[in-house]
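Scroll down for the structure; my scribbles are underneath it.
Derivation of every value follows stated rules applied to the coordinates shown; laboratory data play no part. Only a predicted model underlies this, so the values are computations on that prediction, with no experimental measurement involved. Here the Cβ positions follow ideal geometry from the backbone for every residue, glycine too, while neighbour counts run over all protein chains shown.
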Amino acid sequence: MLDCAIIGGGPAGLTAGLYATRGGLQNVTMFEMGLPGGQITQSSEIENYPGFFEHDKTGMDFMDTWQKQCFHFGLKHEMKKVESVAKTGEYFTITLEGGEKVEAKTTIVCTGSVPKRAGFKGEDEFFGKGVSTCATCDGFFYKDKPVTVLGGGDTALEEALYLSNICSDVYVVHRRDEFRAAPPTLERIEKKENIHLITNSVIDEAYGDAMGLQGVRIKDKEGNITELKNTGLFVFVGHDVRNDVLQDENGEFICKMNDWGQVIVDLSMKTSLEGLFAAGDMRIEAPKQVVSAAGDGAVAALQVISYIQEQA
Ligand code: FAD
């Protein structure tokens, strides 16, 4: 019987593992289907994690020490995909790929969320090399330079506003003639002189070379192409929350979720199901940053320690 099962080994899961083991729990296993580290390992650089200021280090280098630190304090890692989490009576049953079952007193789910891709030519090739899904992470790399934003919802326009404070010009490309974002957001957008709205258009291609993205081609409804050179490209077409493990055999969630499939938690990362915690990008209102995912993981682990003490 595990004291705590941690599902997902990104910044949230690893930090939960560090705090749970250093907090005295003896039997803590992190189930991570790949190598630990999470999404940030896809990044060529991280500039906004406090205390880490090394420009020649990739996201992979950055996460390497996290694992070493966790394993040093006794966190166990099983490189397995979790299929589902169920609670029967007092304890949780974690079902792994292949059918193996593991019991745990508590569970912290940290399976993250994945930004959706728009599907234009060059998107995958230049992802992390000029094509980004995070203005907070990468906006500063384009200080006083032009950027292009793809999307028409609240997130796209909020991120365009954020970028407009850093970048020289922000070109927002949207496939429809009207934006879906809330009216107050649209009003703020209209007041910004350096935000330019390009409607009824799509990104046809992102192009570049070994150095990264060099420009984008934008196609309107009539098929006319406009080229924007020397621009970063930010794609905001939604997120897929990795919440499958929280569904039972009938497809019902075992805890309360919001309409976007994010886990509803309180400030202690508690879900609506006793003993189940959720942390990082998969929870409601997540800032989708390494620092906040790590903070969530620490909070969840401290709550797990208290919960186990209360139950003893
Ligand atoms: P994740 O990092 O998504 O980790 C979830 C883990 O769960 C994954 O490793 C996954 O394999 C595992 N998993 C999922 N399902 C299962 C399952 N069923 N069984 C077992 N394991 C499972 N943030 C910043 O703060 N600064 C940046 O500069 C920055 N740059 C970024 C650049 C890129 C290219 C990307 C993609 C993201 C960037 N981010 C950045 C965002 C940051 O990476 C995320 O906010 C953070 O990683 C979220 O951590 P998490 O632990 O919640 O989830």
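The rows are residues; the columns are (1) within 22 Å of LYS57 (Cβ to Cβ); (2) surrounded by fewer than 23 Cβ atoms within 10 Å (Cβ to Cβ).
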{"residue": "GLY8", "(1), (2)": "no, no"}
{"residue": "LEU14", "(1), (2)": "yes, no"}
{"residue": "MET30", "(1), (2)": "no, no"}
{"residue": "PRO36", "(1), (2)": "yes, no"}
{"residue": "ILE40", "(1), (2)": "yes, yes"}
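Return yes or no: is GLY212 in contact (Cβ under 8 Å) with a residue 60 or more places away in the chain and surrounded by fewer than 16 Cβ atoms within 10 Å (Cβ to Cβ)?
On the way: in contact (Cβ under 8 Å) with a residue 60 or more places away in the chain: yes; surrounded by fewer than 16 Cβ atoms within 10 Å (Cβ to Cβ): yes.
Against the criterion (in contact (Cβ under 8 Å) with a residue 60 or more places away in the chain and surrounded by fewer than 16 Cβ atoms within 10 Å (Cβ to Cβ)), GLY212 qualifies.
Pairs, please: C-beta under 6 Å, at least 6 apart or cross-chain, first residue in contact (Cβ under 8 Å) with a residue 24 or more places away in the chain and on the phi > 0 side of the Ramachandran plot and in the range 21-39, second within 8 Å of the ligand (Cβ to nearest atom) and not in a loop (DSSP other than H, G, I, E, B)?
Short answer, once both residue conditions are applied: GLY38/PRO11.
Of (1) touching a strand residue (DSSP E or B) at 6+ places or on another chain (Cβ under 7 Å); (2) more than 11 Å from the ligand (Cβ to nearest atom); (3) of a type in the set (D, E, K, R), GLU32 satisfies all except one. Which?
(2)
Failed condition for ILE195, given (1) closer than 24 Å to ASP154 by Cβ; (2) in contact (Cβ under 8 Å) with a residue 40 or more places away in the chain, with all others met?
(2) is the only condition that ILE195 fails.
Under 7 Å between Cβ atoms, which residue pairs at least 6 apart in sequence (or on different chains) link something in the range 243-259 that is over 18 Å from GLY275 (Cα atoms) with a partner that is surrounded by 13 or more Cβ atoms within 10 Å (Cβ to Cβ)?
ASN258/ILE264; ASN258/ILE284
Which of the strands (runs of 3 or more DSSP E) contained wholly in the range 55-149 include at least 1 residues that are more than 12 Å from the ligand (Cβ to nearest atom)?
On the way: elements: 76-78, 82-88, 91-96, 101-109, 113-115.
Correct list: 76-78, 82-88, 91-96, 101-109.
One line per residue, one yes/no per condition, for (1) farther than 27 Å from ILE189 by Cβ; (2) touching a residue at least 12 places away in the same chain (Cβ under 8 Å); (3) surrounded by 24 or more Cβ atoms within 10 Å (Cβ to Cβ):
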{"position": "THR107", "(1), (2), (3)": "yes, yes, yes"}
{"position": "SER113", "(1), (2), (3)": "no, yes, no"}
{"position": "GLU125", "(1), (2), (3)": "yes, yes, no"}
{"position": "LYS129", "(1), (2), (3)": "yes, yes, no"}
{"position": "PHE141", "(1), (2), (3)": "no, yes, no"}
{"position": "VAL149", "(1), (2), (3)": "no, yes, yes"}
{"position": "GLU158", "(1), (2), (3)": "no, yes, no"}
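Taking the conditions exactly as written (crowded, with 20+ Cβ neighbours inside 10 Å, in a strand (DSSP E or B) and either hydrophobic (A, V, I, L, M, F, W, C) or within 28 Å of the chain's Cα centre (by Cα) (or both)), does VAL202 satisfy them or not? Full working, then the answer.
Numbers: crowded, with 20+ Cβ neighbours inside 10 Å: no; in a strand (DSSP E or B): yes; either hydrophobic (A, V, I, L, M, F, W, C) or within 28 Å of the chain's Cα centre (by Cα) (or both): yes.
Here the answer is no, as VAL202 does not meet what is asked.
Looking only at strands (runs of 3 or more DSSP E) that fall completely inside the range 226-312, which ones have 2 or more residues that are surrounded by fewer than 24 Cβ atoms within 10 Å (Cβ to Cβ) and within 14 Å of the ligand (Cβ to nearest atom)? Give the derivation first.
Working: elements: 232-235, 239-241, 276-278.
Where strands (runs of 3 or more DSSP E) fall fully within the range 226-312 and carry at least 2 residues being surrounded by fewer than 24 Cβ atoms within 10 Å (Cβ to Cβ) and within 14 Å of the ligand (Cβ to nearest atom), they are 239-241.
Limited to the range 94-113, what total is found for residues that are of a type in the set (Val, Ile, Thr) and in contact with an Asp or Glu (Cβ under 6 Å, 6 or more places away or on another chain)?
Quick first cut of the range 94-113, residues of a type in the set (Val, Ile, Thr) only: 94-95, 102, 106-109, 111.
From what is left, the residues that are in contact with an Asp or Glu (Cβ under 6 Å, 6 or more places away or on another chain) are 95.
Residues flagged as of a type in the set (Val, Ile, Thr) and in contact with an Asp or Glu (Cβ under 6 Å, 6 or more places away or on another chain) within the range 94-113 amount to 1.
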